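One structure below.
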Amino acid sequence: METLKTISGYFATIGVAFTVGFLFMGFRRILTARVQNRVGPPIYQNLLDIIKLWSKESAINHGLMQHMGPAFSITASVTTLMFIPVLRDGNWFQNFSFEGDLIFLLYIMVFGQLGMALGAGQTGNPNSAIGVSRGLSQIVGYEIPFVLALTALMVYHETTSLHEIMAAQDSIGGWNIFVNPLAFVAGIIAFLGMTHYTPFDVPFAPAELASGPPSEFGGKYLGMMMTSGSIFAFAKLTLFVNLFLGGASNLLELLVKALALYLIPVIIGIVTPRFRTEQAILFFWKWPTIIGILSILWVVWMR
Amino acid sequence: MNTDNIQSLEQAIQFAIERETEAEQMYQKLIRLAEDPKAKELFQELRDMEAQHRQNLQTLDVTGFKEKHNQERVYNMHIADYLIDKKIDDVRTYQEGLMLAARREQMAYQYYSLLAEIYRDNPGLFEFFSVMAREERSHQNDMEKVYDETVFLYN
Amino acid sequence: MREKETTLYLGPQHPGITGNMMVKLKVTGDTIVRAETHVGYLHRGFEKLMEVRNWMQVFPIVCRICVPEPDPNEENLARAIEILEGREVPERAQYIRVMVLELARLASYLLWFGGQSGSAGLYTMPQWSVGDRDYILDLFEELTGGRVYHMYIWAGGVRRDLPEGFADKVLRVMDYLEKRLKHYDNLMLDNSIFQKRAQGVGVIDREKALDWGIVGPPLRGCGFKHDVRIDDPYLVYDKLQFEVPTETGCDVWARALVRRREFEQSISIIRQIMEKMPGGEFYNKVPNPLHWKVPAGDVYVKTESARGEFGYYVVSDGSDKPRRVHVRGPAYVHGITLLEHLLQGANLADVSFIMNSLGTCPPEMER
Amino acid sequence: MEFSLKGMLNPLLALQQAGKRPHTIQFPFEEKKVAERYRGLHFNDLEACIGCGTCSTICQNEAIDMVEINPGDSENAKPGDSGLRPRVDNGRCCWCALCVEVCPSGSLSLTTHYNYVSEDANSFLWTPGVSNPDGHKELSFVSDTSHSLLDYARVPMRELEGKERIKSFAEVVLGYADEEAKKEAARCIGCSICTEVCPVHMHIPEYISAIEHGNNEDAIRIIYDNNPIGETCGKVCTRRCEEVCPLGARGEAIAIRWLKRYATEKAENAEIIREIVNPDIKPPNGKKVGIIGAGPSGLTVAYYLALRGFDVTIYEAKAKAGGMIMYGIPKYRLPLDSLDKQVEYMQSVGVKIHFNTKVGEQISFTEIEKNHDAVFIGIGYEVPYTIGIDGENLENSIQAVNFLRDINADKHVDIGNRVAVIGGGNVAIDAARVSRRLGAEVTILYRRREEDMPADWEEIEGAKHEGVIIKTQAIPLNVVDDGSGRVKGIRYGNARMVTDEKGGRPRPELIEGDEHILELYTIIGAIGQEADYSFIPEDIKEKIGFKSGRIVTNEWQQTSVPHIFAGGDIVNRTADAISAVADGYKAVKGIEQFIFAK
């Protein structure tokens, strides 16, 4: 009985993640359109796109790794999600969180990108290859402030368990965003890098690489990637909500907090041009890294 | 047959048949006399027309007569009224032939109209002669139309 | 040790290219070692086509030589024929032509605003400027019946008179665009990241700019005050007041500022035109187009297009077809020789960025 | 990396736009209303279109081709309509609307309809008007004569003043000057619709184009290619070509006749014609052809057969060649020397003409038959119909054909000072205008309305200018005798017009009692003519088929007697010179085929 409940919980998590993910993306498309003086598509447009893509057949074959790429990507997204507790407490949506899950997440979050990189590299399209190399370079860029921010939190809370970090933020004043704003800033800038919205969309830059890694992928592959993207977006947002906004005790709270967090990359994405690759990496290594180090110092000093 | 001793419809028809036969013979003679191919063609047509009328009369169903005759309005362009009355022996050309035919039809109309007046008391005969008069009037109009279209092409 | 070179084909179908052309890039990492422009994907050899079309049939062809700004082509051809024929153009038609040319310049610059920002990833800007350009296209639609290809200016004048109430509509659009410029500044030109991307990128060698035959905003961005409208006024430009802005940076940023300031000047020119527009005839009718012959002779005419001096060399042998129409488009210099030169050593990310700043117009190279 | 605060915050102001009304519309639910002059997909008014193909000519993309909408349309088309209609390949069209600007009939327009989606590539071949029958409801870019690239106004022909004209038989039309002719010729759109209706299929666009470029000699050569009496036709042709000229749909037709006249008149005498045309005369082939009647058809047969090496002899009853164009057309329309020049030129290429040789009197038909390999009969309609009313034989009641013949032969005719002409054809108008020049007051009595008159409108106008009174719907009833066998006047009645239910032309119906008398000195009948076949022996007459007084021929003008050919008025119903020329031209081929097939 318990097992059944757990398993159904996993599926529920995936369902919620997917739904919230595409709704958020739809929301982003509408907001972007409105700022751009357009009406924009309906909020469920991404769902329609995914359904359409899944219904297509793909005639191109670049070898096994091309099939595996999107599969890796979706696997990584789901796995990441599985190790993120969606709600602070209660029995539902806890998934596989365990002691030290934060360290595990640091690795597993990159896994999807690596899988994609393998798949895209297989296609032989130079645009994909360059996109992949840029993407990996950018990971190198934003991982540093991200790790610094996480380190600050781990040091502060003396734990590597996400659950415990969540539990520690028991009141609004106890939220890490207020307790350690520098870590939040470093983390959110790294988060901008993770979302691949402008100014950090060099891997995909249409004007340069014609969308980069996914350029040889269409139909079901693209559908898989979009599905993966929806789930991964939710996973990341949930992670950040858990880390800095004290998690959520119910789904509604989670949605509100996640949306608030999501607005930051969306808004910045609307109004900024793209950094060049080296500008982006230098940027990550400069401001957010300094802020990240400062946040650790701050924690050390506070303690 | 004399007009005086027409007593019945059958006799009246017989009378009319004789008139048509006379006309037929006249055109036959003209065909022989005419040199102009167009005139010759016209007289042949007229002869055949009269022959057709004669046949129509010969096979006329007396009982159903009243319902069958034509009721449409007949125009009168009055061309024949003012055409020179040609004698048969003078007629050689196409124009003269047409003039003769138009005048003849007109006269036939007048003749039948008169007969209709005379036999006003006899409903059957009156009806027959009226119809014949109307027929002849329509033939006159046909002739006038032909005259209008050919001789009067530029008039 | 030589790094491994990757060959990248930018185009002929590519979101970052300004039309159907290809830039073949040899890249090491993100740096371009060599760039080669390849054209031939777009048009059918218009100059040659014109030699087998009669004079009137040439007008629907020339406007296709530049998609974003077809009118200088029409005006050039019309003016060349008028000079050869000695045909007078009614004054009203001349004013209408200037209005059309300046509206086309605005439309072209709006498209540039979009292209320049879009190639840098600022996707909001193209949506704005292309949307705003549509208000100008609406004006064109009302005036000429066509939105993009107008086929409106032809020998002897213009094709139709202004529709009723057109002047008011033009002025309303001008007021609107002026207001929008502030938003454009906020989003694009004041934007730190845009400035970072544009400054010091695509620098033209000022010493060689004139020798290379660079014209228009790229030349004015190098500090040369060169503008056909001032140097060799045509139509009624000598009766209008306007400035020719210059910048000294020689880079993408300087060219952007030049265009931004010229945008204001064009608005002012259009306002003057609407004020001074005389009445009267708009068309001095040409003979039956099916056998219209233009006297023998040759003539070079030029117009200041949004990309710079736009010249037509027209030769007539006195027959009903042009003997030769040579189009001297600025994009030929900017898009091939200059672009190839500027791309050497540039960052891959800047290829279409530089391309846009030069006003590269593939149909014009490939006429 | 230096960031200014302004550089980071100003872009965020863009977010204000989120509250503004969007620029875009939601397409399938809303549609953009296009401008009044929008150039969308084509529409063609199929009724007004005449299939001239000018749209197809001007289209620089070659997107328009002319097609039959239903199979057989071009065969069944009415005169002046090619039966073809434009079809637009929307894959090629660039919507420049030059086709609209040059459409002479104004049938082609562009519509507000700009959205067309189909998976079937063939459906982009769009026949305007068929593919969008409701397109007339959404017209936007329409053709307007004030904007059109074509010139709808004819270069006016200079003429003598009406008062001047009646003083003499001087030619009324003065002809085009060089510049005028070029200007008029430049209006031509070269569609060849005229060539189709011309009985001879003269190369009209070609010679107009030659005139436009100042190559009159080329024009003359082109004209003489299939019409040896081009100059006569240039003056008096009934010019069906101009009736169908597409420019006539909304303006004035090209003055095709005057242009032909202009070109041919450039050759001042027979030698010059010979020099310009410089015909290729084949060596004699020993075959002889006899031609009866030196009218337009006979002359045409003679000329082209002579060029082909035949020994050609024409037998003409009168003293001069030309037939009806010599004796039927007054001098002020066709001066004598003009015709003489043309006949002289024909004689110079080997045409022999025996004048004053009436077949049946001076020479028998049988003899001609015997001496020649083939015989062509082109005697024309010379015998007039009479008025057919009482008093028609009185003194001074004459026939127009005879009257004109006498005048042209320089005979004196006493017509007095008051003349009535009966009829409404060209002969009637000619007789009236000649009478006017002889100093008489002239009234034309016509049974129908003026618009029913078969005469040329230009002739009617000319007559009016010269002071001819035209009484329409007047039916002559009888000629009034003055008691001494002379005409005293004419009694006529007014008529009302009755429409023919069976579709013929409206018929005049006499209003009884509405009668008037017109006092006159001379009455001229101009009702119509017919042929005199009396010279043909009875046995041959039997064999040759006649129908309504006309000789029946095959398409090569051959009668059922194989070596006898016929043409002109005795064969065709159109009664004009150009049809006679056409018959002659066909007979040339027929005779050649017949003789060499033997």
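For A:Lys286, which lysines qualify as cross-link partners when the Cα separation must be under 21 Å and same-chain residues fewer than eight apart are set aside?
Correct list for A:Lys286: C:Lys196, D:Lys6.
Which whole-angstrom value gives the distance between the alpha carbon centres of the stretch D:233-303 and the stretch D:62-116?
Here the two parts' Cα centres lie 34 Å apart.
Determine which lysines satisfy two conditions relative to A:Lys257: a Cα distance under 23 Å, and not lying fewer than 8 residues away in the same chain.
Candidates past the 8-residue exclusion: A:Lys236.
Buried accessible area between D and C (1.4 Å probe, both chains summed, ligands and nucleic acids excluded), in Å² to the nearest 100?
3700 Å²
Given a 1.4 angstrom probe, what's the average accessible area per residue across the stretch A:2-302, in square angstrom?
Counting only protein heavy atoms, the per-residue value for the stretch A:2-302 is 38 Å².
Share of antiparallel DSSP beta bridges in the protein assembly as shown, in percent to the nearest 5?
65 percent
Could you tell me how many degrees, from 0 to 90 and to the nearest 10, lie between the Cα long axis of helix D:256-265 and the main elongation axis, the longest principal axis, of the Cα atoms of chain D?
Approximately 60 degrees, to the nearest 10.
At 222 nm, what helix-only mean residue ellipticity would the protein assembly as shown give, in deg cm²/dmol to the nearest 500, using -39500 (n - 2.57) for each DSSP H run of four or more?
The helix contribution divided over the protein assembly as shown gives -14500 deg cm²/dmol.
Grab the other residues whose beta carbon is less than 12 angstrom from that of B:Ile79, score K and R as +1, D and E as -1, and report the net.
Neighbour charge sum, excluding B:Ile79 itself: -3.
Charges at C-beta only: +1 for Lys and Arg, -1 for Asp and Glu. How large is the resulting dipole of the protein assembly as shown about its Cα centre, in Debye rounded to 20?
Roughly 5140 debye, rounded to the nearest 20.
For the stretch D:456-473, in order, what is each residue's ³J(HN,Hα) by Karplus, 6.51 cos²θ - 1.76 cosθ + 1.60 with θ = phi - 60°, in whole Hz (x at glycine and Pro)?
4, 4, 5, 5, 4, 4, x, 4, 4, 4, 8, x, 7, 8, 10, 9, 9, 6
Comparing the chain by itself with all protein chains present, which residues of the stretch D:524-541 are at least 40 Å² less accessible (probe 1.4 Å)?
By number: D:Ile527, D:Glu530.
Which value, in debye to the nearest 20, gives the size of the charge dipole of chain D about its Cα centre, when Lys and Arg are +1 and Asp and Glu are -1 at the Cβ?
For this selection, approximately 360 debye.
From the residues D:Asn285, D:Ser338, D:Thr499, which one has its Cα farthest along the dipole of chain D in the positive direction, the dipole being from +1 and -1 charges on Cβ of Lys/Arg and Asp/Glu about the Cα centre?
Farthest towards the positive end: D:Ser338.
In sequence order, what are the phi-derived ³J(HN,Hα) couplings for the stretch D:17-34 according to the Karplus relation 6.51 cos²θ - 1.76 cosθ + 1.60 with θ = phi - 60°, rounded to whole Hz, with x for glycine and proline?
Once θ is set to phi - 60°, the couplings for the stretch D:17-34 become 4, 4, x, 7, 6, x, 7, 7, 10, 8, 3, x, 8, 10, 10, 6, 7, 8 Hz.
Could you work out the local net charge near A:Met25, counting Lys and Arg as +1, Asp and Glu as -1, over the other residues with Cβ closer than 14 Å to its Cβ?
+2
Using a 1.4 Å probe over the heavy atoms of the protein chains, calculate the carbon and sulfur portion of the accessible area of the stretch D:385-529 as a whole percent.
44 percent
Would you be so kind as to identify which of D:Pro133, B:Asn155, D:Gly380 lies farthest towards the positive end of the dipole of the protein assembly as shown, taking Lys and Arg as +1 and Asp and Glu as -1 on Cβ and the Cα centre as origin?
In the protein assembly as shown, that residue is D:Pro133.
Determine the per residue accessible area of chain B with all protein chains present and a 1.4 angstrom probe, expressed in square angstrom.
49 Å²
Which pairs in the list D:Lys32/D:Lys137; C:Lys169/C:Lys225; D:Lys78/D:Lys182; C:Lys285/D:Lys260 are over 22 Å apart, alpha-carbon to alpha-carbon?
With Cα atoms farther than 22 Å apart: C:Lys169/C:Lys225; D:Lys78/D:Lys182; C:Lys285/D:Lys260.
With axes computed from alpha carbons, what is the tilt in degrees of helix D:336-348 against the longest principal axis of chain D, rounded to the nearest 10 within 0 to 90?
Long axis of D:336-348 versus the principal axis of chain D: about 90 degrees.
On the accessible surface of chain A, probed at 1.4 Å, how many percent belong to carbon and sulfur atoms?
Here it works out to 72 percent.
Taking the Cα centre as origin and putting +1 on Lys and Arg beta-carbons and -1 on Asp and Glu beta-carbons, what dipole magnitude results for the stretch D:162-275, to the nearest 20 debye?
Dipole of the stretch D:162-275, to the nearest 20 debye: 480 debye.
Over the stretch A:41-195, what relative contact order in percent results from Cα pairs under 8 Å that are six or more residues apart?
This gives 24 percent for the stretch A:41-195.
For the protein assembly as shown, build the charge dipole from Cβ charges (+1 Lys, Arg; -1 Asp, Glu) around the Cα centre, then report which of D:Thr195, D:Trp95, D:Gln529 sits farthest towards its positive end.
D:Trp95
Can you tell me the accessible area per residue over the stretch C:48-331, all protein chains present, probe 1.4 angstrom, in square angstrom?
31 Å²
Could you work out how far helix D:577-597 tilts from the main Cα principal axis of chain D, as a 0 to 90 degree angle to the nearest 10?
80 degrees
Which percent of the accessible heavy-atom area of the stretch D:162-275 goes to carbon and sulfur, probe 1.4 angstrom?
47 percent
With contacts defined as alpha carbon pairs under 8 Å and 6 or more residues apart, what's the relative contact order of chain A in percent?
Normalised by residue count, the contact order of chain A is 28 percent.
For the pair C and A, how large is the buried accessible area, both sides, in square angstrom to the nearest 100, if the probe is 1.4 Å?
Summing both chains' loss of accessible area gives about 2300 Å².
Do you know the Lys pair count in chain B for C-alpha distances under 27 Å, with sequence separation 8 or more or different chains?
So the count works out to 14.
Which helices pass in chain A if a helix is a full DSSP H run, must span at least 15 angstrom along its long axis by Cα, and must have mean Kyte-Doolittle hydropathy not below 0.0?
Long hydrophobic helices here: A:2-35, A:64-82, A:101-122, A:126-157, A:181-195, A:219-244, A:251-271, A:277-302.
With a 1.4 Å probe, how much accessible area is buried between chains B and D, both sides summed, in Å² to the nearest hundred?
That pair of chains buries around 3100 Å² in total.
Most fluctuating residue of A:Asn242, A:Asn250, A:Asn46 in a GNM of chain A with Cα springs under 10 Å: which is it?
Maximum among the listed residues: A:Asn250.
Tell me, which residues of the stretch B:33-55 get at least 20 Å² less accessible area when the other protein chains come in, versus the chain alone (1.4 Å probe)?
With the partner chains in place, the stretch B:33-55 has these residues losing at least 20 Å²: B:Glu35, B:Asp36, B:Pro37, B:Lys38, B:Lys40, B:Glu41.
The values are calculated or read from the model by the stated rules, or taken from the named source; none is laboratory data. Predicted model only: the values in this text are computed from it and were never measured. No Cβ is skipped: glycine too gets one built from the backbone with ideal geometry, and neighbour counts run over all protein chains shown. With ligands, DNA and RNA removed, areas are computed over all heavy atoms of the protein, side chains included. Shrake-Rupley method; radii C 1.70, N 1.55, O 1.52, S 1.80 Å.
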